[in-house]
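Take a look at the structure set out below.
The values are calculated or read from the model by the stated rules, or taken from the named source; none is laboratory data. Fair warning: this is a prediction, and the values are worked out from it, not measured in the lab. Here the Cβ is made from the backbone with ideal geometry for all residues, glycine too, and neighbour counts use every protein chain on show. When the accessible area is computed, the model is the full protein with side chains, heavy atoms only, and any ligands, DNA or RNA have been set aside. Shrake-Rupley method; radii C 1.70, N 1.55, O 1.52, S 1.80 Å.
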Amino acid sequence: MNKILIPNTNITLKEFKKLLFEKFKAYPMIYTNYKKNIFSISETYYENISITQNNLSSFCNKLNINHKLSYTNHYSKCITINMS
């Protein structure tokens, strides 16, 4: 899955995860659903670090990555990227 390109970009999931870390100085929670071919990135909070749904959405917009705002099955805000 890490070598799969995000649709309409030349960015692999592995590169995307690296870009997330460079931007936020932390890894947000990422959930992959192989059956639905999507992955979700949820809001993540560490001491002195807040990665919110708005931060994640703005980051994806800058990279021209199509995404939607949603919730995880634990009712945490997240963004979802469809990989097909």
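Rounded to two decimals, what ratio of Rg to Rh does the chain give with C-alpha atoms and a Kirkwood Rh?
Reported Rg/Rh (Cα atoms, Kirkwood Rh): 0.93.
Taking the Cα-to-Cβ direction at residue 9 and at residue 55 and moving 7 Å from each Cα, how far apart do the two end points lie in nm?
1.7 nm
Mind checking the chain for chymotrypsin sites (Phe, Trp or Tyr not before Pro) that DSSP puts in a loop (not H, G, I, E or B) and that have at most 13 other Cβ atoms within 10 Å?
Sites meeting the loop and neighbour criteria: 34, 75.
I need the P(r) histogram for segment 34-73: all alpha carbon pairs, bin width 10 Å from 0 out to the longest distance, whole percents.
Reading the bins upward from 0: 25, 51, 23, 1.
Of the accessible area of the chain, with the probe set at 1.4 angstrom, what percent is carbon plus sulfur?
49 percent
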